[in-house]
Amino acid sequence: MPEFDLIGFLVQWLTVFGLYSILAITLNLEAGFAGLTNFGKVVFYGIGAYVGATLTTYLTLYLNNVDPFECPPYSIDGIVKLIELGGKSPSLSIGLLALSLLAAFIAAGSVGFLLTYPILRVGPAFVGFTLLSFGELMRIFLRHYEPVGGSKGLAAIPRPFGWVGDPRLSSFIFLLLVLGLVALTYIAMNKLTNSPMGRMLRAVRDDEIAALCLGKHVPGIKALTLFIGSGFSGMAGALMAYYFTSVNPDMFVPAVTFNVWAMVILGGMGNFTGSIIGVALFTLMDRLLAFITPALGVAVISPDYIRWMFVGLLIVVVLLFMPKGLLAERPLKTPALDEARKLLVEGGGGA
Amino acid sequence: MLPQVLHRAYLRCPKMPQVSWDVLSSLTVMVVHYSFLYMIFAMPLTLSYRTTKVINFVHSNFITYGAYVAILLNGLYGNRNMLLAMASAFAIVGGIAVLNNIAVFEPLSRRGAKPVALMISSMGLWIFYKYLLYTIIDLATHFSRVNFVSYPKIVYEWIPSVSLDSVRLSSSFIATSLSAAAMIVGLYVLLEKTNLGRAMRAVSDNPILSEISGIPKRTVINLTWLIAGGIAGVGGVLWTSYAGAITPEAGDSMILQVFTVGFIGGLTSLTRTCIGAVLIASIENYGITLLNQFFRVETSYKPFLTFVTLITTLIVSPPLGAGGGLPYRLFRRVGKSA
């Protein structure tokens with residue numbers, strides 16, 4: 001039996017945990033706070049991944065004096081060249097990483113912004129369904145679009161920290177980057193939801209008509225929420241492309257979206273810390289399953305199916321018996337609330 | 001025949017792509033066939049939504065389960081009687097639908113959960129049923145040594161195929177059109193002429209008022225689920241007589257079309273759902289053939305046409321009554337009153 005590599009296990013688990021955390025936190029912003037039932041989370045994740053992968057592979061070839069249109073990155077020659085050239089120069093790698101993250105944010109965010117237009121005037125069911133089917137169409141398109149590799153996708157995406165040399169160290173630096181982005185997302189979303197905009201989001205979620213009557217620009221706020229949420233998901237997608245060093249259309253199936261939904265519902269809608277706990281539990285379960293499955297040998301029933309049945313049942317059971325999830329939604333943190341708390345603790349009596 | 005005369009006249013037009021009569025007639029038969037199939041798939045969706053107010057993602061499982069009831073009967077017991085398969089599918093899938101309602105939707109709505117929570121729970125059930133079916137199929141394949149994961153088309157006995165003046169109508173077409181006609185007549189009689197139908201319409205129009213008037217709302221909703229699930233299951237059986245190969249993804253692969261048809265009907269009107277079925281079937285099949293002829297667009301892009309129709313429906317005539325929704329503008333017109 002091979003020796004158990006604890007650090008390797010932790011680095012792998014935490015990287016996947018980080019990627020899913022960004023998706024779960026932004027989904028919680030959209031669904032838990034703004035009431036946008038985004039069943040197409042995977043769309044924005046996928047756009048980010050493809051934008052990151054395409055930019056990195058094409059530019060790596062181009063900046064190393066290889067014509068990417070004569071020797072495209074999805075051909076065998078291109079892949080050989082990419083393995084040869086990729087991740088050699090620190091400045092180029094870091095520059096491409098930054099560029100990809102930015103482009104992924106803008107591309108995914110813009111698609112999210114534009115997709116709000118057809119779904120503004122219809123209820124949550126139509127929103128969910130439209131985004132879900134858009135994801136499936138994106139997959140069909142990517143499968144047939146040759147410049148991004150068609151059904152085979154893009155492979156040999158140069159690692160951003162490949163120039164470090166030691167692969168363990170480079171994946172550790174990458175983990176730090178992912179966790180940094182998780183922290184950024186968490187802090188940004190917390191600031192956002194504890195601001196006046198956060199109150200507006202909850203107002204829109206709880207009663208759209210009331211929010212509209214109070215003069216809130218409901219369509220604008222929905223579009224903005226989807227822009228921010230999708231933008232961050234796009235960045236997670238770009239990081240995912242670097243992590244797996246390959247993308248293909250079948251990575252972006254609706255199952256990814258449902259996974260994230262299950263995490264958010266388990267953790268509690270409207271509570272970001274809850275989402276992170278949900279992600280931790282789910283990704284840990286998956287990692288452990290990946291260890292256990294080979295030990296089971298050939299089974300009649302695939303453990304994968306059991307896992308998915310469990311995910312579906314979990315969503316239903318949590319909604320039925322624990323509708324608030326593990327951690328319930330908290331009131332907004334405002335200066336007025338702090339003042340009121342202080343007064344209560346001090347026994348009141350007024351100023 | 002008149003269509004053939006028109007077609008000959010069309011062929012004389014210069015600079016038009018030449019479509020032979022055989023291609024055109026078989027395409028039209030396909031459009032009619034798909035229209036009937038979409039009606040059978042989408043009308044129960046509309047029916048269940050307007051009475052129960054649940055956006056039911058499990059609907060795609062209903063179709064798949066219906067198909068697999070027929071397949072398991074055929075593969076394990078050699079059944080080739082379509083009526084038997086339909087009756088079993090109606091009972092089993094309708095039973096699943098009622099079970100869903102009793103176990104999940106009813107407790108949730110009794111607690112006052114929002115429609116969004118109902119929809120998310122139906123999504124959870126969708127995932128559960130999908131992988132439950134995979135498990136059942138794996139077990140059946142393991143014990144019977146028959147490949148159920150991709151099952152060929154079933155040829156049912158007793159159903160004839162008809163040839164009409166160079167146009168061949170397959171036995172699947174005959175079965176589908178007869179079933180669709182029976183369903184439409186049945187639903188019409190049920191909803192317009194019987195007390196149960198009146199009660200169903202009353203519950204869908206105003207649940208509170210109907211309860212006050214003494215209509216047993218729970219029973220009506222359960223019966224609605226039975227009928228809706230049952231019809232979708234029968235649709236699945238019909239699909240086994242048409243599709244080239246049936247996989248556990250059969251229902252999921254049609255979910256875009258089925259829901260778009262339902263949305264065109266606003267999830268409230270059965271008549272408009274029928275029109276939507278004809279519309280989607282025509283746009284998909286004629287549209288992709290034209291695009292293929294003129295621009296060499298691959299036929300696998302077919303769902304894009306449906307999606308464009310969906311988006312157009314949502315923008316031009318959004319189903320405002322269904323599932324909330326308010327008339328908005330995206331950009332505020334500054335300085336002008338709305």
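Scanning the range B:54-81 for residues that are farther than 23 Å from B:Gln257 by Cβ and touching a helix residue (DSSP H, G or I) at 6+ places or on another chain (Cβ under 8 Å) yields B:Leu72, B:Leu73, B:Asn74, B:Gly75, B:Leu76, B:Asn79, B:Arg80.
Count of the range B:139-172 residues, restricted to those that are surrounded by 18 or more Cβ atoms within 10 Å (Cβ to Cβ) and within 13 Å of chain A (Cβ to nearest Cβ), is 1.
Among the conditions (1) surrounded by fewer than 16 Cβ atoms within 10 Å (Cβ to Cβ); (2) among the aliphatic types (A, V, I, L, M); (3) touching a residue at least 12 places away in the same chain (Cβ under 8 Å); (4) within 12 Å of chain A (Cβ to nearest Cβ), the only one that B:Ala103 does not satisfy is (3).
Of the helices (runs of 4 or more DSSP H) entirely within the range B:74-167, those holding at least 2 residues that are among the hydroxyl-bearing types (Ser, Thr, Tyr) and in contact with a Leu (Cβ under 7 Å, 6 or more places away or on another chain) occupy B:115-144.
Conditions tested, residue by residue: (1) more than 16 Å from the chain's Cα centre (by Cα); (2) more than 11 Å from chain B (Cβ to nearest Cβ).
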residue: A:Leu192; (1), (2): yes, yes
residue: A:Gly198; (1), (2): yes, yes
residue: A:Asp206; (1), (2): yes, no
residue: A:Leu214; (1), (2): yes, yes
residue: A:Ile228; (1), (2): no, yes
residue: A:Ala238; (1), (2): no, yes
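Tell me the residue from B:Ser88, B:Ser109, B:Ser122 that is within 21 Å of A:Pro254 (Cβ to Cβ), more than 7 Å from chain A (Cβ to nearest Cβ) and not aromatic (Phe, Trp, Tyr), please.
B:Ser122
One residue stands out in the range B:308-322 among those that are buried (at least 19 other Cβ atoms within 10 Å of the Cβ) and modelled with pLDDT of 80 or more: the one that is farthest from A:Ala125 (Cα to Cα), namely B:Thr309.
Can A:Ser170 be described as of a type outside the set (D, E, K, R), touching a helix residue (DSSP H, G or I) at 6+ places or on another chain (Cβ under 7 Å), farther than 28 Å from B:Met119 by Cα and more than 12 Å from every other protein chain (Cβ to nearest Cβ)?
Yes; evaluated as a whole, the condition is true for this residue.
Quick one: is A:Leu288 hydrophobic (A, V, I, L, M, F, W, C) and either modelled with pLDDT of 90 or more or touching an Asp or Glu at 6+ places or on another chain (Cβ under 7 Å) (or both)? So A:Leu288 fails the test. As a summary of the residue check, A:Ala183 satisfies the conditions (1) aliphatic (A, V, I, L, M); (2) over 17 Å from A:Leu332 (Cβ atoms); (3) within 14 Å of chain B (Cβ to nearest Cβ) except for the one numbered (3).
So that you can scan it fast, the table gives a plain yes or no per residue for (1) polar (S, T, N, Q); (2) in contact (Cβ under 8 Å) with a residue 40 or more places away in the chain:
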position	(1), (2)
B:Ser213	yes, no
B:Arg218	no, yes
B:Ile221	no, yes
B:Thr224	yes, yes
B:Leu238	no, yes
B:Pro248	no, yes
B:Gly251	no, yes
B:Met254	no, yes
B:Gly262	no, yes
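Within the option set A:Val111, A:Val164, being of a type outside the set (Phe, Trp, Tyr) and either within 14 Å of another protein chain (Cβ to nearest Cβ) or within 30 Å of B:Thr313 (Cβ to Cβ) (or both) holds for one residue only, A:Val111.
For A:Ala103, the requirement of being crowded, with 16+ Cβ neighbours inside 10 Å and among the aliphatic types (A, V, I, L, M) is met. If you filter the range A:312-351 down to residues that are among the β-branched types (Val, Ile, Thr), free of Cβ contacts under 8 Å to residues at least 40 places away in the same chain and touching a helix residue (DSSP H, G or I) at 6+ places or on another chain (Cβ under 9 Å), you find that the one that is nearest to the other protein chains (Cβ to nearest Cβ) is A:Val316. Based on what the data block shows, is A:Ala156 hydrophobic (A, V, I, L, M, F, W, C) and more than 14 Å from chain B (Cβ to nearest Cβ)? Yes, satisfied.
Put simply, of A:Phe141, A:Phe129 the only residue that is under 23 Å from B:Ile255 (Cβ atoms), modelled with pLDDT of 85 or more, crowded, with 23+ Cβ neighbours inside 10 Å and within 14 Å of another protein chain (Cβ to nearest Cβ) is A:Phe129.
The values are calculated or read from the model by the stated rules, or taken from the named source; none is laboratory data. Since the structure is predicted, the reported quantities are computational estimates derived from the model, not experimental observations. FYI the Cβ positions are ideal-geometry reconstructions off the backbone, even for glycines, and counts take in every protein chain you see.
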